[in-house]
Amino acid sequence: MGRQGAGPGSKENALTERSLNQPLGGNQMPRTGGPATMMRLPAAETAAGLDACFVGIPMDIGTSNRPGTRLGPRQIRDESRMIRPYNMATGAAPFEHLQVADIGDVPINLFDLKKSVDIITEHYRGILAHGAIPLTLGGDHTLTWPILRAIKERHGPVALIHVDAHSDTNEEMFGETVAHGCPFRRAWEDGCLINDKVFQIGLRGTGYAADDFDWGRKQGWTCIQAEECWYKSLAPLMAEIRAKIGDAPVYLTYDIDSLDPAFAPGTGTVEVGGLTTMQGLEIIRGCAGLNLAGCDLVEVSPPYDPAGNTSVIAANYLYEMLCALPGVPQRG
């Protein structure tokens, strides 16, 4: 590590900037060619020497409706090929300040969800041991729980920003306690979360009972339903969230079904009346300045994404997460 404090013009930056990995540019290689990595970055076998890394979890064995998220990481990487290194909106230039690479995928067991959960936790222990911040390409939402277990071991309980149409706090699904509708109940049980610093944004749709979204509220979480977000900029909300989280370590988990299906149809459990892509950007950009310990983007299902737009959005959101990490200056 040792790179996150370096800013533009600093002596350290001047001495080392040429050694920092850069995405392969469109004038060096046509966008349709080059490596099949996130943003066509160099590939690495481990997170050693990295400040941040992209890592995939090609899993859909925790899903309850439409499958296909096992194909999400590969398609997100493919659709990331048009993303350029400089953020024109925020001024962030992450590749001038952080050493970043794509470290490939977690070798999960597609025939055993419970084994896969333990494989994920062990894999992320290795990533975090190197001091790298993981940016995860999902994969179904079950994966966030085992990541949070590893995050807790390194950082202790964390604040959580959870953007989703669903609260994912079920006690069980079909009698099983491990599924994509249960990860935040399991994370709470494992003591992974700082309860007064948990924020769920975009909840909506139908339920089995009037109090379906109230379980989190009873734990002290802030649960913001999608209807509260309609017709609004979410920048003021994110300012409030930043003030409440303060300098606590925080994990950002973004389910693509938080977006309205008009924008992101390629997911397993779509719900009408969702967020816009601009609101999604406001949420992610609003995380800049927080002590982000990790991020994920989950539930992209390419078989239901014929135009590729869902994966394009996902790739750009993951880039925006990189831009929001500690050590990446924003335009004042």
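The values are calculated or read from the model by the stated rules, or taken from the named source; none is laboratory data. Just so it is clear, the structure is predicted and the values come from calculations on it, not from any experiment. Here the Cβ positions follow ideal geometry from the backbone for every residue, glycine too, while neighbour counts run over all protein chains shown. When the accessible area is computed, the model is the full protein with side chains, heavy atoms only, and any ligands, DNA or RNA have been set aside. Shrake-Rupley method; radii C 1.70, N 1.55, O 1.52, S 1.80 Å.
Which residue is farthest from I57 (Cα to Cα), if the candidates are limited to the range 88-113 and must be open to solvent by 20 Å² or more (accessible area, probe 1.4 Å) and assigned to a helix (DSSP H, G or I)?
The residue in question is E96.
In the range 158-188, which residues are more than 28 Å from K244 (Cα to Cα) and of a type outside the set (D, E, K, R)?
Of everything in the range 158-188, those that are more than 28 Å from K244 (Cα to Cα) and of a type outside the set (D, E, K, R) turn out to be M173, F174, G175, T177, V178, A179.
So, in the range 153-188, exactly how many residues are free of Cβ contacts under 8 Å to residues at least 40 places away in the same chain and in a helix (DSSP H, G or I)?
3
Pick from A92, A132, A165: which is closer than 30 Å to G332 by Cα, at pLDDT 95 or above and within 17 Å of the chain's Cα centre (by Cα)?
A132
Tell me the residue from Y304, Y319 that is in contact with a helix residue (DSSP H, G or I) (Cβ under 9 Å, 6 or more places away or on another chain), hydroxyl-bearing (S, T, Y) and surrounded by 20 or more Cβ atoms within 10 Å (Cβ to Cβ), please. So that I can check it myself, show each step before the final result.
Working: Y304 fails: surrounded by 20 or more Cβ atoms within 10 Å (Cβ to Cβ).
Selected residue: Y319, the only one of Y304, Y319 that is in contact with a helix residue (DSSP H, G or I) (Cβ under 9 Å, 6 or more places away or on another chain), hydroxyl-bearing (S, T, Y) and surrounded by 20 or more Cβ atoms within 10 Å (Cβ to Cβ).
Does the range 114-128 contain at least one residue that is part of a loop (DSSP other than H, G, I, E, B) and either in contact with a strand residue (DSSP E or B) (Cβ under 8 Å, 6 or more places away or on another chain) or at pLDDT 95 or above (or both)?
No, because not a single residue in the range 114-128 is part of a loop (DSSP other than H, G, I, E, B) and either in contact with a strand residue (DSSP E or B) (Cβ under 8 Å, 6 or more places away or on another chain) or at pLDDT 95 or above (or both).
Within the group G62, G72, which residue is open to solvent by less than 40 Å² (accessible area, probe 1.4 Å) and more than 14 Å from the chain's Cα centre (by Cα)?
Working: G72 fails: more than 14 Å from the chain's Cα centre (by Cα).
None of the other options fit; the residue is G62.
From the set of residues in the range 205-216 that are aromatic (F, W, Y) and assigned to a loop (DSSP other than H, G, I, E, B), which is most open to solvent (accessible area, probe 1.4 Å)?
Y208
Out of G191, G202, G131, which single residue is in a strand (DSSP E or B) and either open to solvent by 10 Å² or more (accessible area, probe 1.4 Å) or more than 21 Å from D247 (Cβ to Cβ) (or both)?
Exactly one of G191, G202, G131 is in a strand (DSSP E or B) and either open to solvent by 10 Å² or more (accessible area, probe 1.4 Å) or more than 21 Å from D247 (Cβ to Cβ) (or both), namely G202.
Of all residues in the range 36-47, which are touching a residue at least 60 places away in the same chain (Cβ under 8 Å) and surrounded by fewer than 16 Cβ atoms within 10 Å (Cβ to Cβ)?
P42, A43, T46
Return yes when G49 is out of contact with any Phe, Trp or Tyr (no Cβ under 8 Å at 6 or more places or on another chain), closer than 19 Å to M321 by Cβ and either of a type in the set (V, I, T) or not in a helix (DSSP H, G or I) (or both) and no when it is not.
It is false that G49 is out of contact with any Phe, Trp or Tyr (no Cβ under 8 Å at 6 or more places or on another chain), closer than 19 Å to M321 by Cβ and either of a type in the set (V, I, T) or not in a helix (DSSP H, G or I) (or both).
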